[in-house]
1. Assuming a ≥ b ≥ c are the square roots of the Cα gyration tensor eigenvalues, decide whether segment 38-101 counts as rounded (a/c under 1.5), prolate (otherwise, with a/b larger than b/c) or oblate.
2. Once each part is reduced to its C-alpha centroid, what is the distance from segment 57-92 to segment 1-45 in angstrom?
3. Out of these labelled values of volume of the Cα convex hull per residue in Å³, (i) 135; (ii) 91; (iii) 104, which was calculated from the coordinates shown here?
4. Under the rule of -39500 (n - 2.57) per DSSP H run of 4 or more residues, summed and divided by the residues of the chain, what mean residue ellipticity at 222 nm is obtained, to the nearest 500 deg cm²/dmol?
5. Got the relative contact order for the chain handy, in percent, Cα pairs under 8 Å and 6 or more residues apart?
6. Anyone know which of 63, 80, 14 comes out most mobile in the 10 Å Cα GNM of the chain?
7. What order do you get for 70-77, 20-27 when each peptide is scored by the mean count of other beta carbon atoms within 10 Å, highest first?
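Just so it is clear, none of the values below were taken in a lab; they were calculated from the coordinates. Just so it is clear, the model here is predicted, and its values are computed rather than measured. Cβ atoms come from the backbone with ideal geometry, glycine included; neighbour counts cover every protein chain shown.
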């Protein structure tokens, strides 16, 4: 199973993904700039990613605490916290990019 991630330079990477892991963990463990200050507790917004539009309907809706973090970061309509997305076989091939928020906070 895999995730396709576009980095800050616009280069697409294929990441091996493991069922049951948070998308945040997969991206971070492949060495990409997700800080995840809160460790996945939905409390910091430093793992924000932009999901390709064709994948949005396959994701569960954001809970209130996630939506609050996204609102605080002025997230676009395709952005989610990667700590709140658990990888399942239905997400095999998920396409995303690091958001401006996670990149700015990593700098």
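1. In terms of gyration-tensor shape, prolate.
2. Cα centroid to Cα centroid, the span is 13 Å.
3. (ii)
4. -5500 deg cm²/dmol
5. Working: 198 pairs, mean separation 44.1, N = 107.
Reported as a whole number, the value is 41 percent.
6. Per the Cα network of the chain with a 10 Å cutoff, 63 tops the list.
7. Working: 70-77: 14.5, 20-27: 20.4.
Answer by packing, highest mean first, reads 20-27, 70-77.
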